[in-house]
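Sharing a structure, written as structure tokens. Questions coming.
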Amino acid sequence: MLQKKTFKVMAAIPKRDGGHWWMRCGTGHTNKDDSINVYLDVMPRDMRFTLRELDEEDLRKREAYRASQAGSEPAASTDPVPF
């Protein structure tokens, strides 16, 4: 059976004092033919990003978040949904 891989999409954001920090800007998932679908939540200004496979720490955080959200329902919002 094919093992699906999940990736985090990261973009390098420059700091004012030099260097950079990594911002997560989306996710990626492998397909049956080993191609990757990329879903961006934000678009990096320079249109450059890198894919990193989720590591054990990322998976633990994701499972903890899902467990904490399992019993709660999303709050109803009176704000209009932006399109």
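Read-outs throughout are calculated quantities, based only on the coordinates presented, and are distinct from any laboratory measurement. Everything numeric in this text was worked out from a predicted model, so none of it was measured. Positions of Cβ are generated from backbone atoms using ideal geometry, with glycine treated the same way; all protein chains shown enter the neighbour counts.
Cross-link partners among lysines for LYS32, C-alpha distance below 18 Å, same-chain residues fewer than 8 apart left out?
Partners within reach: LYS4, LYS5.
Going 7 Å from the Cα of VAL38 along its beta-carbon direction, which residues of the range 1-27 have the amide nitrogen within less than 13 Å of the resulting point?
Under cut-off, by backbone N: 7-12, 25-27.
Okay, moving on. Assuming 0.36 nm per residue, please report the length gained on full extension of the stretch MET47 to ARG24 beyond their Cα-Cα distance.
Contour length minus Cα-Cα distance gives 6.9 nm.
Label points 7 Å out from Cα along the Cβ direction at GLU63 and ASN31: separation in nm?
3.0
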